[in-house]
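Peer 1: Sharing a structure below in structure tokens format, with a few things to ask.
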Amino acid sequence: MAKTRIKQPAIEAAQDKTEVTAFIRQIGDLQREVKRLETEAGDKKAAIEEEYAAQAAPMCAEIMSLTERVAAYCEAHKDELTENGKTKTVDFTTGLIKWRIRPPSVKVTGVAAVLAWLSEKSAFAEFVRTKKEIDKDAILNQKERFSDGHVPGIKIVSGVEDFVIEPSEQIL
């Protein structure tokens, strides 16, 4: 099968330093305009969200009130509704009511103190997870040991040059 050739339009390079200077200025102007538009869009988005949140607030309060009232009734009549615990779901014509027991979870407060305690007690050390990861800083400090490719999957990359354009900030 023949390779598909992708044609790209020719790039017209700047002709001299004056044109490069003009292009950098134009890049800066365009970046500032994009930033201004993003800021304007963010402001409009915040205003719209605030407007609709204000409209939704009374409805959310009503939902909370109705939920509390339904929960109070269902808790008071739980045995009757669940047939003395035989079912955890009750089907009303307009929706379902469910009682669910959450799975066990672990809540940790004072992580540093708990880690220290678990680590020093050998009977509990198994509950401390140690994360193994490659120390890239140490490899870079001893890159001569890795430069010959003896370690598969590790390659020292150096001398990569990036091209960066930083237009000067213009105060308006």
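Where a number appears in this text, it was derived from the coordinates with a stated rule and is not lab data. These numbers come from a predicted model, not from an experiment. Note: ideal-geometry Cβ built from the backbone for every residue, glycine included; neighbour counts use all protein chains shown.
Peer 1: May I have the convex hull volume per residue, in Å³, for the Cα set of the chain?
Peer 2: Details: hull volume 90.1 nm³, N = 172.
So the per-residue hull volume is 524 Å³.
Peer 1: Give the long-range amide H neighbours of VAL128: residues separated by 5 or more places, or on another chain, with amide H under 5 Å away, using H modelled in the peptide plane at 1.01 Å from N.
Peer 2: Amide H to amide H, under 5 Å and 5 or more residues apart or across chains, VAL128 pairs with nothing.
Peer 1: Per residue of the chain, what 222 nm ellipticity follows from adding -39500 (n - 2.57) for every DSSP H run with n ≥ 4, rounded to the nearest 500?
Peer 2: After summing the helix terms and dividing by the residues of the chain, the value is -16000 deg cm²/dmol.
Peer 1: Send over the per residue convex hull volume for region 15-99, Cα only, as a whole number of Å³.
Peer 2: So the per-residue hull volume is 167 Å³.
Peer 1: Something else about it: Sort CYS74, CYS60 by Cβ crowding within 10 Å, fewest neighbours at the top.
Peer 2: Going from least to most buried by this count: CYS60, CYS74.
Peer 1: Now for a separate question. Starting from one equal scatterer on each C-alpha and no solvent at all, send me the Debye-based log10 I(q)/I(0) for region 69-167 at q = 0.21, 0.22 Å⁻¹, two decimals.
Peer 2: For region 69-167 at q = 0.21, 0.22 Å⁻¹, log10 I(q)/I(0) is -1.04, -1.10.
Peer 1: Any chance you could check the Cα centroid distance between region 29-51 and region 125-172 for me, in angstrom?
Peer 2: 36 Å
Peer 1: Sort ILE165, ILE156 by Cβ crowding within 10 Å, fewest neighbours at the top.
Peer 2: Ordered from fewest to most neighbouring Cβ atoms within 10 Å, ILE165, ILE156 come out as ILE165, ILE156.
Peer 1: Calculate how steeply helix 17-76 sits against the longest principal axis of the alpha-carbon atoms of the chain, using the helix alpha-carbon long axis, and give the answer as 0 to 90 degrees to the nearest 10.
Peer 2: Between the helix axis and the principal axis of the chain, the angle is about 0 degrees.
Peer 1: Counting other beta carbons within 10 Å of each residue's own, what order do VAL20, VAL90 fall into, fewest first?
Peer 2: VAL20, VAL90
Peer 1: A further question on this structure: Only Cα pairs under 8 Å and at least 6 apart count here; give the relative contact order of the chain as a rounded whole percent.
Peer 2: Computed value for the chain: 22 percent relative contact order.
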